[in-house]
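What follows is a single structure, written as structure tokens, with notes after it.
The values are calculated or read from the model by the stated rules, or taken from the named source; none is laboratory data. In this text the structure is predicted, and so the values were computed from the model without any measurement. Cβ placement follows ideal geometry from the backbone for every residue including glycine, while neighbour counts extend to all protein chains displayed. We work out accessible area using only protein heavy atoms, side chains counted, and drop any ligands, DNA or RNA first. Shrake-Rupley method; radii C 1.70, N 1.55, O 1.52, S 1.80 Å.
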Amino acid sequence: MRFRRILVGDRTPSALVVMGVSGSGKSTIADHLARRLGWRYEDGDRFHPPANVAKMSAGHPLTDEDRWPWLRAIADEIDRLAAFGEHAVIACSALKRAYRDILVHGRDDVRIVFLDGTQDLIAARLAARKGHFMPPGLLASQFRTLEPPGAGERPIIVSIDAPVENIVDDIVGQLNLVPQ
């Protein structure tokens, strides 16, 4: 099923970047949202160079210099998909405005979806998660780094304190997408 935007003057986004700190549910929400929309799903983590994964696995936060090539690779993928008329939902932490600026780079057809949750809720989720390279001890660092998106970024902001399907419903409702 394909979706389109019904507001005159707006078009369906080429990409939705689902952002938030580790443990906020980016991969889960982005995957469910992509399936709901019939769009491609991409996990931003797969664009990390091996050195970044090794650094995070060792419990060390990434620097901005570590992140630039990773963010540019995701932005390049968004551009590539859009050039072919494809749509994607991409899970990516995108914690700072500067990071989101690289991903969006002035495009009006890329929207940010911010998964908003408390540090306590997310810490509990991380404690229960197995087999992920991001150790729970880096959560405080992620919250210190987090710059929630401002109105000028036209974000879709959703609370993560709800079941997955309710969160996806909220996102689709805020996008005003309907089946084509």
**Message:** Please compute the per residue accessible area over the chain with all protein chains in place, 1.4 Å probe, rounded to a whole number of Å².
**Reply:** 47
**Item:** Two-site label geometry, Ser141 and Val164: point separation in nm, points 7 Å out along Cα→Cβ
**Value:** 2.8
**Message:** If I fit a long axis through the Cα atoms of helix 26-37 and take the longest principal axis of the Cα atoms of the chain, what angle between them do I get, 0 to 90°, rounded to 10?
**Reply:** 20
**Carbon + sulfur, % of accessible area of the chain - ligands and nucleic acids excluded, 1.4 Å** = 54
**Request:** Would you tell me the accessible area of Glu86, worked out with a 1.4 angstrom probe on the heavy atoms of the protein chains, in Å² to the nearest 10?
**Result:** 70
**Request:** Write down the Å³ per residue value for the convex hull defined by the alpha carbon atoms of the chain.
**Result:** 113
**Fill in**
Dividing the helical contributions, -39500 (n - 2.57) per DSSP H run of n ≥ 4, by the residues of the chain yields a 222 nm value, nearest 500 deg cm²/dmol, of -13000 deg cm²/dmol
**Message:** Which of Pro69, Pro163, Pro149 ends up with the largest GNM mean-square fluctuation for the chain, with Cα atoms connected below 10 Å?
**Reply:** Pro163
